[in-house]
1. Output the residues belonging to the stretch 2-48 that are in contact with a Lys or Arg (Cβ under 6 Å, 6 or more places away or on another chain) and either more than 21 Å from Ala121 (Cα to Cα) or crowded, with 20+ Cβ neighbours inside 10 Å (or both).
2. So Ser243 clears everything in (1) within 14 Å of the ligand (Cβ to nearest atom); (2) more than 15 Å from the chain's Cα centre (by Cα); (3) at pLDDT below 95 except one condition, right? Which one?
3. Looking only at the stretch 184-218, filter to residues that are touching a residue at least 60 places away in the same chain (Cβ under 8 Å), crowded, with 24+ Cβ neighbours inside 10 Å and touching a Gly at 6+ places or on another chain (Cβ under 8 Å); which one of those is nearest to Leu142 (Cα to Cα)?
4. Out of all the residues in the stretch 194-240, which are over 20 Å from Ala150 (Cα atoms) and among the hydroxyl-bearing types (Ser, Thr, Tyr)?
5. Can Val69 be described as under 20 Å from Gly182 (Cα atoms) and of a type in the set (Val, Ile, Thr)?
6. Within the stretch 146-159, can one find any residue that is modelled with pLDDT of 95 or more and either over 20 Å from the mean Cα position of the chain (by Cα) or among the basic types (Lys, Arg) (or both)?
7. Given the condition at pLDDT below 95 and among the hydrophobic types (A, V, I, L, M, F, W, C), answer yes or no: does some residue in the stretch 221-236 qualify?
8. Just to be sure before I move on: is Ser155 within 16 Å of the ligand (Cβ to nearest atom), crowded, with 24+ Cβ neighbours inside 10 Å and hydroxyl-bearing (Ser, Thr, Tyr) in the structure I sent?
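The values are calculated or read from the model by the stated rules, or taken from the named source; none is laboratory data. Small disclaimer: the values here were computed from a predicted structure and weren't measured. Please note: Cβ atoms are built from the backbone with ideal geometry, for glycine as well, and neighbour counts cover all protein chains shown.
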Amino acid sequence: MAVDLAGRLELPVPVVVAPMAGGPSTPALVTAAGAAGGLGFLAAGYRDAGQVREQVAQVRALTARPFGVNVFVPGSAAVDRVALDAYAARLAPVAERLGVKPGEPRWDDDDYAAKLDLLVAEPVPLVSFTFGCPAQVDVERLHRAGSLVAVTVTSPAEAVSAAEAGADAVCVQGAEPGAHRGSFHDDPAEPPGAGALPLFDLIPQVRATVPLPLLAAGGLMTGADIAAVLAAGASLAQLGTASVHRAHRPRPGQRLLPGVHRRGAGRLPARAPPDPATAHRGRRAGRRRGAAPVGRRGLAAHPPAPRGRADEHPRRGGGRGARAMST
Ligand SMILES: Cc1cc2nc3c(=O)[nH]c(=O)nc-3n(C[C@H](O)[C@H](O)[C@H](O)COP(=O)(O)O)c2cc1C
């Protein structure tokens, strides 16, 4: 029988503040999400297990509300160094303007095994995985520890893999989300965005394929958006970019990137207008596997990143313990 996610996670409000690696998902944001009746997430990506342990302890010191921890499933080490170096060269002027120095690209497994051991030893209510599917044996370990397990999926086929691994829920990520797109594979032979489905196409397809409860993510900015995904059959709505605007709201008129200003302050932005710069949903969505520099409007002013998330992130000033120069 499908898990009652909102019930198991004691959520009076069916909203999840998305895991956001690179800085935004602080213990304070997790606590605020819980206090508002929703579910907050720590983002374990780009941190080692010790840093995740510290953040989990901080959340526990701040709140007794349930929360989640999101883990990156390590991918392939194959990367196009020429494309990566060209991308770094294109980023250089932005880095200089922001007063940061891009790091050296490197691949590692993001301390995956140690994080799993940590989450088994010190369980949290929900563990979600992104960029791949955890092994069934690891899902079983987390279940035995008392955690629910969710897997981010971007297609019905990925949802099947998640169900076969024993996941309790899938986080259905449409073509619209901020930052990376959490698909399992990043095939250089495919054109960017190939097969990327908008959220409202993906939800019914995944529902028809697996009997798991859904968290829906991608482009949700308003109460009406939340109501719409719930009406479409999602159990919970997961919001990322909207939470970044709240937590890291720039001052009015502050420059984010050249030519990109925040319009006013004190309110969430309206849904992005369908102008050519932002009308990439679906068609160009595969590029989201690369970096979205400073939210939606920043993306329009910025070149797409090459494939190779793990290696490319340090180029953007991220990496363990570091705050990314961008998202
Ligand atoms: C700055 C930023 C960082 C993110 N980092 C992660 C992450 O570490 N793990 C993850 O599963 N999703 C990550 N995401 C994706 C979100 O979890 C969520 O799916 C997405 O933000 C939803 O789309 P929205 O930003 O349009 O609301 C990130 C999103 C943003 C904006």
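1. Taking the stretch 2-48 as the starting set, the residues that turn out to be in contact with a Lys or Arg (Cβ under 6 Å, 6 or more places away or on another chain) are 23, 34, 44, 46-48.
Those that are in contact with a Lys or Arg (Cβ under 6 Å, 6 or more places away or on another chain) and either more than 21 Å from Ala121 (Cα to Cα) or crowded, with 20+ Cβ neighbours inside 10 Å (or both): Gly23, Gly34, Ala44, Tyr46, Arg47.
2. (2)
3. Filtering the stretch 184-218 for residues that are touching a residue at least 60 places away in the same chain (Cβ under 8 Å), crowded, with 24+ Cβ neighbours inside 10 Å and touching a Gly at 6+ places or on another chain (Cβ under 8 Å), the one nearest to Leu142 (Cα to Cα) comes out as Ala217.
4. Thr222
5. On the way: under 20 Å from Gly182 (Cα atoms): yes; of a type in the set (Val, Ile, Thr): yes.
Yes; evaluated as a whole, the condition is true for this residue.
6. Scanning the stretch 146-159, I find at least one residue that is modelled with pLDDT of 95 or more and either over 20 Å from the mean Cα position of the chain (by Cα) or among the basic types (Lys, Arg) (or both), so the answer is yes.
7. The answer is yes; a qualifying residue exists.
8. Working: within 16 Å of the ligand (Cβ to nearest atom): yes; crowded, with 24+ Cβ neighbours inside 10 Å: no; hydroxyl-bearing (Ser, Thr, Tyr): yes.
Considered against the rule, which asks whether it is within 16 Å of the ligand (Cβ to nearest atom), crowded, with 24+ Cβ neighbours inside 10 Å and hydroxyl-bearing (Ser, Thr, Tyr), Ser155 comes out as no.
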